[in-house]
1. Name the single residue that is least open to solvent (accessible area, probe 1.4 Å) among those in the stretch 126-171 being in contact (Cβ under 8 Å) with a residue 40 or more places away in the chain and outside any helix (DSSP H, G or I).
2. Collect the residues in the stretch 149-188 that are farther than 17 Å from Lys122 by Cα and within 23 Å of the chain's Cα centre (by Cα), keeping them in residue-number order.
3. Can you find a residue that is under 20 Å from Pro186 (Cα atoms), of a type in the set (Ser, Thr, Tyr), in contact (Cβ under 8 Å) with a residue 24 or more places away in the chain and touching a Ser or Thr at 6+ places or on another chain (Cβ under 7 Å) anywhere in the stretch 225-234?
4. Being of a type in the set (A, V, I, L, M, F, W, C) and under 20 Å from Val177 (Cα atoms) is the filter here, so list the residues in the stretch 230-262 that pass it.
5. Here are some conditions: (1) in contact (Cβ under 8 Å) with a residue 40 or more places away in the chain; (2) touching a Leu at 6+ places or on another chain (Cβ under 9 Å); (3) part of a loop (DSSP other than H, G, I, E, B). Phe268 meets all but one. Which one does it not meet?
6. Within the stretch 197-208, how many residues are over 30 Å from the mean Cα position of the chain (by Cα) and in a helix (DSSP H, G or I)?
7. Could you tell me how many of the residues in the stretch 212-268 are surrounded by 21 or more Cβ atoms within 10 Å (Cβ to Cβ) and polar (S, T, N, Q)?
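The values are calculated or read from the model by the stated rules, or taken from the named source; none is laboratory data. Computed from a predicted model, the values in this text were never measured in an experiment. Note: ideal-geometry Cβ built from the backbone for every residue, glycine included; neighbour counts use all protein chains shown. Accessible surface is based on the protein model in full, side chains and every heavy atom, while ligands, DNA and RNA are left aside. Shrake-Rupley method; radii C 1.70, N 1.55, O 1.52, S 1.80 Å.
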Amino acid sequence: MSAGRRVELMHPAQPPAVAAPVQVESAADSQPDALTVELKDSLERARAQISALQAQIDAQHEEREKTQARLQEMADRMALVIKQSSFLPSADATRATTSDAAQVAAMLPTVTPATSELILLKERNRLTEYADRAIALGQRRDLQAVVDSMFDPALAHLRHAAEAEFRRVQAYYEINVSIDPGYKLPLRDLFPDGTVQAEADLGDERLTKLLQDHEQSWEVRLRCAYLLRSSQDPAVNATLLRALKEDPSLDVAKQAQTSLEKRVGRRFRLFDIPSIDAWWQSQQTGG
């Protein structure tokens, strides 16, 4: 046997047909059949359904937490009222029958003096937090929460505390200037078409529209309330009164009141909307 033949036996050549199945398999992989496509579609639909269900679960969880917080607050207030009723003078206490007392006792647990003090402190801290946010963030809703507490019969024991917090917010806004004194309306951003070149070109209609647009920044609305004070249109007074009563920013409400006062020649206590409203109604009826 020759040398060349021996080499051929030791290293036989691989059959060329081995690579064919690989090529066929790759071609099959590159073209998935209808079953594979259907499975993928089913998987995507399942994922979408799971995401929707998770969103519903999260929303329900958030709503449940809010409900629990409201129920806890109501329970705290009811417990405090029951506690206070136990210290009524004897002349008033005789008005409640034994049957009434038994029913109340069956509905609510006994409140100890220490617990009563904690509940009172919690309510007091809540008022302080409202006032703090009204000062720090300038949001009407926080000051409104203080006002609501002032007139809430269930919180009569905190009436003086609520009034003190309201006056603290009043005092802050009486002397505070939140806006840059040199602030001007960004006319290029508000009117990109170039129709308004200066604040003097703005008429009452444009200023009113900007003032009532709560999507605008509070600085824009405040500046509009300031510019409207020089308007010759008596109807502007009603526009400023509406801003005082409805604008979500306390800074804007303050400027609306200031502009209204300059126009009508009368001063009011800051944010004393009941008094301002009563005066306004008397002017409309000729009183």
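1. Gly138
2. Once the filter is applied, which keeps residues that are farther than 17 Å from Lys122 by Cα and within 23 Å of the chain's Cα centre (by Cα), the stretch 149-188 yields Phe151, Phe166, Arg168, Val169, Gln170, Tyr172, Tyr173, Ser178, Ile179.
3. yes
4. Leu240, Ala243, Leu244, Leu250, Val252, Ala253, Ala256, Leu260 - these are the residues of the stretch 230-262 that are of a type in the set (A, V, I, L, M, F, W, C) and under 20 Å from Val177 (Cα atoms).
5. Failing condition for Phe268: (1).
6. Total meeting the criteria: 4.
7. So the answer is 5.
The rows are residues; the columns are (1) modelled with pLDDT of 95 or more; (2) in contact with a Cys (Cβ under 8 Å, 6 or more places away or on another chain); (3) not aliphatic (A, V, I, L, M); (4) not in a helix (DSSP H, G or I).
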| position | (1), (2), (3), (4) |
| --- | --- |
| Tyr173 | yes, no, yes, no |
| Ile179 | no, no, no, yes |
| Arg188 | no, no, yes, no |
| Thr195 | no, no, yes, yes |
| Glu215 | yes, no, yes, yes |
| Leu240 | yes, no, no, no |
| Lys262 | yes, no, yes, no |
